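Structure first, then comments.
The values are calculated or read from the model by the stated rules, or taken from the named source; none is laboratory data. What you are looking at is a predicted structure, and each value in this text was computed from that prediction instead of being measured. Note that we place each Cβ from the backbone using ideal geometry, even for glycine, and neighbour counts take in every protein chain shown.
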């Protein structure tokens, strides 16, 4: 895959990068860029934000499933497909940060990622309804952020998780939750080595709640979400608030703020030393660009 050249318009392969469906009291939100392994461009990310807002506002919805169409859950940020729209102006921004597209130097990425990655992920984490990620195939880098903001994760037996971005010159993804998703010593190995861990290993580490056969993933996720949706709405919201609050008291939010700035120091260093915010190294673990379409 090769992304648009500078000044060239992005080419979207679909007008529906996110699908929305309700089954009983459960909203199913599906990433719908299977041709590019559900890589996150702005088109998909803003549509995902709208879908979460829709589920949150619907009183008939008691729980939410986040899933991916095709073979892979999510291959991370889109940095190489024809639909890479990282330099496109948005008039429907979800934060009070200004438009990034005309800004020079480090301000370009800082303003953009403050909104579409750190800001949106935090808002999705704070959605007061229980959320469940159903993960199959690849869950890479930015894909981790989508799974990690959910309250529960169910994985198929072919799923794998990897954050290879250290080899691209940045210290982990923008929503840096590694040490809260697994023991800090294991998290160091996960990030420093950049090697995939499979669903069984993720389950042993406590990052995944259940592992199931690939063909049963949607049914298991729906069964769990349907049961969760039966809980009284306010009680579930307050329980979720309690867990998030305890994590933040343990340093999750403040630590993430600090690492976000380290992340952008690395972007700036890479641009100064090589001209690109990411400096891909040989023998890196798989990224979105390394997955075959489909």
Criterion (closer than 29 Å to residue 157 by Cα, surrounded by 14 or more Cβ atoms within 10 Å (Cβ to Cβ) and over 22 Å from the mean Cα position of the chain (by Cα)) met by exactly one of 221, 229, 213, 225: 229
Output for Cβ contacts, cut-off 7 Å, separation at least six or different chains, first residue in a helix (DSSP H, G or I) in the range 268-281, second at pLDDT below 80, reads 270/278; 270/279
Could you grab the pairs with beta carbons closer than 7 Å, sequence gap of 6+ or different chains, first residue in the range 70-83 and under 20 Å from residue 174 (Cβ atoms), second one modelled with pLDDT under 90 and not in a loop (DSSP other than H, G, I, E, B)? 75/288; 76/288; 77/288; 78/288; 79/288; 79/289; 80/288; 80/289
If residue 94 meets every condition in (1) surrounded by 15 or more Cβ atoms within 10 Å (Cβ to Cβ); (2) without any contact (Cβ under 8 Å) to a residue 60 or more places away in the chain; (3) closer than 28 Å to residue 214 by Cα; (4) more than 16 Å from the chain's Cα centre (by Cα) apart from one, which number is that one? (3)
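Given the criteria surrounded by fewer than 17 Cβ atoms within 10 Å (Cβ to Cβ) and free of Cβ contacts under 8 Å to residues at least 12 places away in the same chain, does residue 261 qualify? Explain how you work it out, then say what you get.
On the way: surrounded by fewer than 17 Cβ atoms within 10 Å (Cβ to Cβ): yes; free of Cβ contacts under 8 Å to residues at least 12 places away in the same chain: yes.
Judged against the criteria, residue 261 is a match.
With out of contact with any strand residue (DSSP E or B) (no Cβ under 6 Å at 6 or more places or on another chain) and at negative phi as the only criterion, which of 134, 219 stands out?
Values: 134 fails: out of contact with any strand residue (DSSP E or B) (no Cβ under 6 Å at 6 or more places or on another chain).
It is 219.
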Complete set of residues in the range 102-158 that are surrounded by 20 or more Cβ atoms within 10 Å (Cβ to Cβ) and in a strand (DSSP E or B): 131, 132, 133, 134, 135, 138, 139, 140, 153, 154, 155, 156
I'm trying to understand the selection: among the residues of the range 60-86, which are out of contact with any helix residue (DSSP H, G or I) (no Cβ under 8 Å at 6 or more places or on another chain) and over 21 Å from residue 35 (Cα atoms)? 60
Residues that are on the phi < 0 side of the Ramachandran plot and surrounded by fewer than 16 Cβ atoms within 10 Å (Cβ to Cβ): which strands (runs of 3 or more DSSP E) entirely in the range 12-71 hold 1 or more of them? 18-23
